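Trainee: Below is a structure I'd like to ask you about.
The values are calculated or read from the model by the stated rules, or taken from the named source; none is laboratory data. All of these numbers come straight from a predicted model, not from anything done at the bench. Don't worry about glycine lacking a Cβ; one is built from the backbone with ideal geometry, like all the others, and counts go over all protein chains shown. The accessibility values were calculated without ligands, DNA or RNA, using every heavy atom of the protein model including side chains. Shrake-Rupley method; radii C 1.70, N 1.55, O 1.52, S 1.80 Å.
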Amino acid sequence: MPNDNEPHTALPRDDLNGDPAADLDVEAFTAAIENFNRFYIRLPVLEKLPFTTLSVLDTLAFGGSPRRLTELTKTEQVSQPGITQLVTRLERDGLVERRPDPSDRRAVLVHITDAGREIGRSRRADRSHHLRPLVEQLTPEERRSLTDALPALARLVELGRGQ
């Protein structure tokens, strides 16, 4: 069994239609994504914030803002009291705002502020700065493979957000 820290190579497997490239080795793909994520989240950044804070800001910025607290408990997999405390801190720091839900005055909607969006932009710029020299060390074929994979990765994120 391969070590999770070792690179996995996904060999094409025959699918039911006989197309050897059509079937992705999902286990190898999962391992590659997990290894990349471990590396990526440890890239140096200027603004250091807890993962859950960043995840909430990312959900609001890219997954749709505003959101109810109950929605955030599901997407972030945090308890209701935990998400309430986090949103209170984010609101105090000027990164989100709570506003009444126009369709249900008993509920509140959490909106990301421009300052909250800037956190995400800043972190992405920091990480791009650190990734660029590494990407430049890849072969042209490896860079092309990454470029070709971007639409499929974006689609996986879209499908995952819909669950």
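Trainee: Answer with yes or no whether Lys74 is within 20 Å of the chain's Cα centre (by Cα) and at pLDDT below 85.
Mentor: Numbers: within 20 Å of the chain's Cα centre (by Cα): yes; at pLDDT below 85: no.
So Lys74 does not fit the description; no.
Trainee: Let me ask you something else. Could you list all residues from segment 73-94 that are of a type in the set (D, E, K, R) and open to solvent by 40 Å² or more (accessible area, probe 1.4 Å)?
Mentor: Once the filter is applied, which keeps residues that are of a type in the set (D, E, K, R) and open to solvent by 40 Å² or more (accessible area, probe 1.4 Å), segment 73-94 yields Lys74, Arg89, Glu91, Arg92, Asp93.
Trainee: Can you name the residue in segment 58-71 that is out of contact with any Asp or Glu (no Cβ under 9 Å at 6 or more places or on another chain), under 20 Å from Ala125 (Cα atoms) and at pLDDT below 90 and, of all such residues, is surrounded by the most Cβ atoms within 10 Å (Cβ to Cβ)?
Mentor: Asp58
Trainee: Same structure, new question: Check whether at least one residue in segment 138-157 is without any contact (Cβ under 8 Å) to a residue 40 or more places away in the chain, exposed (fewer than 11 other Cβ atoms within 10 Å of the Cβ), under 18 Å from the mean Cα position of the chain (by Cα) and under 18 Å from Ala61 (Cα atoms), and report yes or no.
Mentor: yes
Trainee: I'd like the full set of residues that are within 18 Å of Thr73 (Cα to Cα) and in contact (Cβ under 8 Å) with a residue 60 or more places away in the chain, limited to segment 88-134.
Mentor: Once the filter is applied, which keeps residues that are within 18 Å of Thr73 (Cα to Cα) and in contact (Cβ under 8 Å) with a residue 60 or more places away in the chain, segment 88-134 yields nothing.
Trainee: I've got another one for you. Scan segment 95-133 residue by residue and report those that are part of a loop (DSSP other than H, G, I, E, B) and either surrounded by 17 or more Cβ atoms within 10 Å (Cβ to Cβ) or at pLDDT 95 or above (or both).
Mentor: Leu95, Thr113
Trainee: Return the residue satisfying two criteria in turn: it lies in segment 41-57 and is among the hydroxyl-bearing types (Ser, Thr, Tyr) and either part of a loop (DSSP other than H, G, I, E, B) or more than 11 Å from the chain's Cα centre (by Cα) (or both), and of such residues it is surrounded by the fewest Cβ atoms within 10 Å (Cβ to Cβ).
Mentor: This residue is Thr52.
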